[in-house]
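Computed from the coordinates by the stated procedures, all read-outs in this text should not be read as laboratory data. Model, not experiment: these values are computed from the prediction. Every residue, glycine among them, receives a Cβ derived from its backbone with ideal geometry; neighbour counts consider all protein chains shown.
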Amino acid sequence: MSWVKGRTIVITGGSSGIGKAIAFAVAGEGGRVVLASRTQARLDDGVDQIRRAGGEAIAHATDVGDADAVEALMERAVAEFGTIDGLVTAAGLGRFGPLLEQDRAAVEETVATDLLGTIWAVQSAGRRMAPGSQIITVASSMAGNPSSTMALYASVKSAVVVLSDGIRAELAQRGIRLSCLLPGGVATHFQDGWGAEETSEFGVKATDDSGALDLSHVMRARDIAPAVLFAFDLPERSRGANLSVV
């Protein structure tokens, strides 16, 4: 039986991509899912799909870069289900291109979503968690191995890895386990911004002269979800793990 069965799991970035795939996997194992993202319509669609499959889920529109909004999310989770047993910080966005060409708004949004959003979620959920709870942060295989046009994204995801390693002992003192997931290339909306260097990094080729990408051999979001279930099911005495899925 999976650890998530009967437990409440908050998933940021839960309306699409990796976050949505994780939500479906958790619900499929009997977990109660709290989906969060900025897009209410997508959230509602995800909740509807989970419920039609016999799962239990609610949605709460949240901008994870806003600490007050994240507090409201966690308060809603507790009000609906009584506890927060698990957290997955899957909210993220990528800005691709030379750093010198990135405008201030793009930089601030990336940092707010990918890094501050992780910090606010870990703080807010962690303060409400009982011993035995778990947190899984989502970084990237690009952490520590950036291409020149993905430096901003890679640096922020590297900070998520450092944050995760740094707070693991602090959380362990509270009886909370933390793991960090580092996915490789996954076919999501991120590829819409890829240029020649990004496609080369992941071995993706154009299918024809139109420049359309051949993503046939690139992982799908559903390929990442089993790693999250694996992390939740680590031995009880484990303090967590950094898991690369490439």
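Only bridges whose two residues both fall in the chain count here: according to DSSP, what percent of them are antiparallel, nearest 5? Within the chain, antiparallel bridges account for around 5 percent of the total.
For the chain, the longest principal axis of the alpha carbon atoms and the long axis of helix 151-173 meet at an angle near 20°. Going from the fewest other Cβ atoms within 10 Å to the most, the residues LYS157, LYS5 appear in the order LYS5, LYS157.
The charge dipole of the chain, taken about the Cα centre with unit charges on the Cβ atoms of Lys, Arg (+1) and Asp, Glu (-1), comes to about 1000 debye, rounded to the nearest 20. The long axis of helix 67-81 is offset from the longest Cα principal axis of the chain by roughly 40 degrees. Taking every alpha-carbon pair under 8 Å whose residues sit at least 6 apart, the chain reaches a relative contact order of 19 percent.
Only Lys, Arg, Asp and Glu carry charge here, each on its Cβ (+1 for the first two, -1 for the last two); on that basis segment 1-131 has a dipole of about 480 debye about its Cα centre.
Which of these, ALA105, ALA159, ALA77, has the largest mean-square fluctuation under a Gaussian network model of the chain (Cα springs below 10 Å)? In this elastic network of the chain, the residue with the biggest mean-square fluctuation among ALA105, ALA159, ALA77 is ALA105. Note on SER2 and SER244: the extension gain reaches 85.0 nm, defined as 0.36 nm multiplied by sequence separation minus the Cα-Cα distance.
Ordering THR149, SER164, LEU182 by Cα displacement along the dipole of segment 127-184 toward the positive end leaves SER164 in first place; charges were set at the Cβ atoms of Lys, Arg (+1) and Asp, Glu (-1). For segment 18-64 versus segment 125-180, the inter-centroid distance based on Cα atoms is 22 Å. Rounded to the nearest 10 degrees, the inclination of helix 17-28 to the longest alpha-carbon principal axis of the chain is 30 degrees.
Rank GLY14, HIS60, ALA25 by how far each Cα sits towards the positive end of the charge dipole of segment 1-71 (+1 on Lys, Arg Cβ; -1 on Asp, Glu Cβ) and give me just the farthest. Farthest along the dipole direction, towards plus: ALA25.
Just from its helices, what would the mean residue ellipticity at 222 nm be for the chain, if runs of 4 or more DSSP H residues each count -39500 (n - 2.57) and the sum is divided by every residue, rounded to the nearest 500 deg cm²/dmol?
After summing the helix terms and dividing by the residues of the chain, the value is -12500 deg cm²/dmol.
Mean-square fluctuations from a GNM of the chain, with a 10 angstrom spring cutoff on Cα atoms, peak among LEU181, LEU43, LEU229 at LEU229. What fraction of the Cα pairs in the chain, stated in percent, has a spacing above 33 angstrom? The proportion of pairs with Cα distances above 33 Å equals 15 percent.
Where is the GNM fluctuation largest for the chain (alpha-carbon springs, 10 angstrom cutoff): SER147, SER37, SER179? Comparing SER147, SER37, SER179 in the GNM, the peak value goes to SER147. Contact order for segment 33-107, expressed relative to its length and based on alpha carbon pairs under 8 Å spaced 6+ residues apart, stands at 24 percent. Our summary gives segment 1-130 a relative contact order of 26 percent, counting only alpha carbon pairs under 8 angstrom and 6 or more residues apart. The simple spin-label model puts a point 7 Å past each Cα toward its Cβ; for ASP68 and ASP223 those points are separated by 4.2 nm.
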